[in-house]
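Report on one structure; see the data block that follows.
The values are calculated or read from the model by the stated rules, or taken from the named source; none is laboratory data. Quick caveat: nothing in here was measured; it's all calculated off a predicted structure. In case anyone asks, the SASA skips ligands and DNA or RNA and just uses the protein heavy atoms, side chains included. Shrake-Rupley method; radii C 1.70, N 1.55, O 1.52, S 1.80 Å.
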Amino acid sequence: MNIIPFFPQLLFHCTIPVPENLIEYCSILAKGKKDNRSVYNGWETPNNLHKNEDFSNKFLKNYFLPKINEELSTINFPNWDLRGCWVTKLEKNGYHVSHVHANCHFAFAWYLNVTEYAGGELSIRNPNEYNTEFILKKMDSKINDEYNLYPALNIAPKKGLLVIFPAYLYHSVLPSLAENRITMSGNISIIDN
């Protein structure tokens with residue numbers, strides 16, 4: 001029997017080395033204003049960090065944006081605009097509840113500081129899980145593995161890993177056993193020009 005995947009969800013990932021002074025800068029951010037949109041047992045900066053001139057000049061304009069554009073150019077990714085950016089730190093047993101990112105096309109997570117194998121996986125829900133749950137349980141596991149046919153895709157955090165995914169997909173962060181999990185996240189909108 002032949003199988004043709006149709007209407008797949010695309011997830012993009014690469015590794016962008018994390019500058020050490022960015023980790024140090026996060027300790028300054030920890031002393032500033034906080035928002036807690038979806039995080040428990042941790043903190044988030046407001047989602048307008050990209051408008052902070054000091055942060056933007058030190059880490060976005062001169063490092064992160066050129067690096068991500070270099071990676072995205074290899075797949076001819078369309079022009080885009082950064083619509084939101086924030087830093088999150090999870091304490092031990094910290095997590096994010098399931099949520100989506102509104103008013104943008106893609107969301108991203110860049111792992112700045114993590115302890116590998118300590119939980120804290122990014123869990124992206126399969127938007128068709130309720131329609132296909134019965135067949136997924138009965139399907140040959142080799143097919144499920146080949147086509148990522150699971151209720152959720154769980155991505156283990158690694159320092160420098162950047163993950164970009166459709167913003168409308170429900171996602172969460174599973175509890176982290178580490179005390180030092182720091183992530184920079186943001187929202188991307190495709191621009192027409």
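Data table
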{"quantity": "Accessible area of the chain belonging to carbon and sulfur atoms, whole % at 1.4 Å probe", "calculated": "52 percent"}
{"quantity": "Extension reserve of the ASN131-ASN93 stretch, reckoned as 0.36 nm per residue once the Cα distance is removed", "calculated": "10.5 nm"}
{"quantity": "Rg(Cα)/(2.2 N^0.38 Å) for the chain, N = residue count", "calculated": "1.07"}
{"quantity": "Whole-angstrom gap from the range 31-91 to the range 160-193, using each part's C-alpha centre", "calculated": "10 Å"}
{"quantity": "At q = 0.25 Å⁻¹, base-10 log of I(q)/I(0) for the range 30-85 (Debye sum, equal scatterers on each alpha carbon)", "calculated": "-1.01"}
{"quantity": "Ranked order, ARG181, ARG37 - accessible area, probe 1.4 Å, largest first", "calculated": "ARG37, ARG181"}
{"quantity": "Prolate/oblate/rounded label for the range 124-193 (Cα gyration tensor, a/c 1.5)", "calculated": "oblate"}
{"quantity": "C-alpha long axis of helix 129-138 to longest principal axis of the chain, angle in °", "calculated": "50 degrees"}
{"quantity": "In degrees, nearest ten, helix 20-29 long axis to first principal axis of the chain (Cα)", "calculated": "80 degrees"}
{"quantity": "Relative contact order computed over the chain (Cα-Cα under 8 Å; 6+ residues apart), in percent", "calculated": "35 percent"}
{"quantity": "Per residue accessible area of the range 44-193, 1.4 Å probe, in Å²", "calculated": "54 Å²"}
{"quantity": "Over 32 Å (Cα to Cα) - which of LYS138/LYS159; LYS89/LYS138; LYS89/LYS137; LYS33/LYS61; LYS61/LYS159; LYS51/LYS158 fall in this group", "calculated": "LYS138/LYS159; LYS89/LYS138; LYS89/LYS137"}
